[in-house]
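Read through the structure below, which is laid out as structure tokens, and then see the notes.
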Number of protein chains: 2
Amino acid sequence: MKAFHEYKNPSLAVDLVVFGYHNNTLSVLLLNRKDEPYKDQWTLPGGFLQMEETLRDTCERILYTKLGMNKVFLEQLYTFDEPERDPRGRVIAVGHYALINPSKFQIVAGTMANDVKWFNVKHLPALGFDHKHIFQVALQRLRSKILYYPVGFELLDELFTITELHELYECILETKLDRRNFRRKILDAAYIINTGTKREGLKNRHPELYRFNKQLKKNSFHINTPEDE
Amino acid sequence: MKAFHEYKNPSLAVDLVVFGYHNNTLSVLLLNRKDEPYKDQWTLPGGFLQMEETLRDTCERILYTKLGMNKVFLEQLYTFDEPERDPRGRVIAVGHYALINPSKFQIVAGTMANDVKWFNVKHLPALGFDHKHIFQVALQRLRSKILYYPVGFELLDELFTITELHELYECILETKLDRRNFRRKILDAAYIINTGTKREGLKNRHPELYRFNKQLKKNSFHINTPEDE
DNA sequence: TATATTAGCGTCACTTTAACGCTAAGTAAC
DNA sequence: GTTACTTAGCGTTAAAGTGACGCTAATATA
């Protein structure tokens, strides 16, 4: 057996799929790379783990220094280890995804990138590395998770209407959900709490404003998509 | 920015939660360590990634060389990165779980371990490292997954009776499931195929033998546990 | 032949679900 | 004001799914 320190180790990085929802569109944040490899191409934000950091620390550092975001929903996704995934050498990436409300942050391209931009998940450019694959795993995870666990409110303002929540679900799942059945399920599950106030200034009837119920017990609801059948 | 090779890297390992089902008991395979750290204590099998390997390769190498197993169901679980999880230094472990049919393999302790043994998941000894935690994540994953995806047959012989499958579910989920309703769900979902043969040599009525239906379309069934309600 | 036990099939009340109708509340046009 | 239009909120119903459980068949053994 080799001594402990004799093992060669691959580099360890995190890659981030940052989802945002705005104007009825689900978007992902992409970085245009300033340096090789994949110079001038779009990729997911990511970075190398430093020895004293946890993976979550690394993600938070990247979110903060490259994108100016903090205190966002963040979850580990999967670890990507294809030997050829990075042309610089062996790099293993622990994929994560984050859900953020774009209206809360002013995105700035750090010094590392030419540009940082939101892209509609339906119209992504070509991505460097294996980032297309990581993105697809993340989108799939988000879609499954939202069916049985309340992650949607991470993407909305603190107060929102049922219609707004409904549109978010339809957008993420890319399917139509009956408006009235959706309302019933969400309310029966006590997923959200009526604040008693209404959203003013709209053209038609003023909808009631809700907020997320943090006391929600797990497994209390399940949304079916038409494809379930 | 540092040059690529200047980053220090933690060691990368895999840890394996190997589930087996035998005599109406769900078990996990544990190794008794020959060396420090955690000498003479029980731990999950695991090992370091070698530079030319994928994570799956590493898992398969360990399964084969330490345990004599090959071609088993194997799935990545989660990546565990607590900085203090290994007293030797910074080791990040990618947890995996495997499902095997113990009757297919003769387990042998490799030269690395004092002993290798199956332990009933209900009566585990103390485990070294953070392996108790990894085990719990794996068990939870197995329990959720079996509700909507057919993994059970990995633990059974190729031909099995509905009663055997039913007992497996009750054992993994640690709950009673109505025998007749279970049968109806499994059959309605076309989860299994009747082979037309029967298991002989039993004391009472001879049950029909089934095998897994590999054509099963996803999302075609869902088992409810009493706690769902 | 009777008994005990597991296997397989069926029934029913209750709950959940999908589809969709109807009215209320608001704005804008006249 | 009145009418038209649109979104919001509430309700209804038929069909499907679910849980609880009864009944009979098949087999070994006493």
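Where a number appears in this text, it was derived from the coordinates with a stated rule and is not lab data. Predicted model, so just to flag it, every value in this text is computed and none were measured. FYI the Cβ positions are ideal-geometry reconstructions off the backbone, even for glycines, and counts take in every protein chain you see.
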Discussion item. Stokes-Einstein diffusion coefficient for the stretch A:10-145 at 25 °C in a medium of 0.890 mPa s, Rh from the Kirkwood formula over Cα pairs: what value in µm²/s?
Written reply: 165
Response to the item:
Inter-copy distances for A:HIS123, label 7 Å out on the Cα-Cβ vector, sorted ascending, nm, one decimal, are 6.4
Worksheet item: In nm, one decimal, shortest first: how far is the label point of A:ASN23 (7 Å from Cα along Cα to beta carbon) from the matching points in the other copies?
Response: 6.7
Worksheet entry | Cα centroid separation, the stretch A:124-147 to the stretch B:90-163 (Å) | 29
Worksheet item: Over the stretch A:103-229, how many percent of alpha carbon pairs lie in each 5 Å bin up to the one with the longest distance?
Response: 2, 8, 16, 19, 17, 14, 11, 7, 4, 1
Discussion item. To check you understand DSSP bridge types, tell me what percent of the beta bridges within the protein assembly as shown (both residues inside) are antiparallel, rounded to 5.
Written reply: 70
Fill in: Separation in nanometres of the label points that stand 7 Å from Cα toward Cβ, at B:GLU84 and B:LYS8
1.8
Worksheet, complete the sentence: Total charge of the residues flanking A:MET112 in space, meaning their Cβ is under 9 Å from its Cβ, with Lys and Arg +1 and Asp and Glu -1, is +2
Item to complete: Could you tally the net charge around B:ARG199, taking each other residue with its Cβ under 15 Å from the Cβ of B:ARG199, Lys/Arg +1 and Asp/Glu -1?
Response: -2
Worksheet item: If you put a point 7 Å past Cα along the Cβ direction, how far is that point for B:ARG211 from the same point in each other copy, in nm, smallest first?
Response: 5.9
Practice prompt. Write down, largest first, the equivalent ellipsoid semi-axes of the protein assembly as shown in whole Å, where each equals the square root of 5 times an eigenvalue of the alpha-carbon gyration tensor.
Written response: 39, 34, 18
Worksheet item: Of the beta bridges DSSP finds with both residues in chain B, what % are antiparallel, to the nearest 5?
Response: 70
Fill in: Estimated distance in nm for a label pair at B:HIS222 and A:TYR149, the labels positioned 7 Å out from Cα along Cα-to-Cβ
1.6
Discussion item. How far apart, in nanometres, would the label points at A:ILE193 and B:TYR64 be if each is projected 7 angstrom from Cα along the Cα-to-Cβ direction?
Written reply: 5.7
Discussion item. Please report, in whole Å³, the volume per residue of the convex hull around the C-alpha atoms of the stretch A:37-79.
Written reply: 110
Item to complete: Kindly point out which whole DSSP H helices in chain A project their C-alpha atoms 30 angstrom or further along the helix axis while averaging a Kyte-Doolittle hydropathy of 1.0 or above.
Response: none
Worksheet entry | Computed [θ] at 222 nm, deg cm²/dmol, the protein assembly as shown (DSSP H ≥ 4; -39,500 (n - 2.57); rounded to nearest 500) | -7500 deg cm²/dmol
Worksheet item: Quick one: Debye curve from the C-alpha atoms of chain A, no solvent, what's log10 I(q)/I(0) at q = 0.17 Å⁻¹?
Response: -1.24
Worksheet item: To the nearest µm²/s, what D does Stokes-Einstein give for the stretch A:157-228 at 37 °C and 0.692 mPa s, using the Kirkwood radius over alpha carbon pairs as Rh?
Response: 250
Worksheet item: Can you work out the FRET efficiency for the pair A:ASN24 and B:LYS185, with r the C-beta to C-beta distance and R0 = 60 Å, to the nearest 0.05?
Response: 0.95
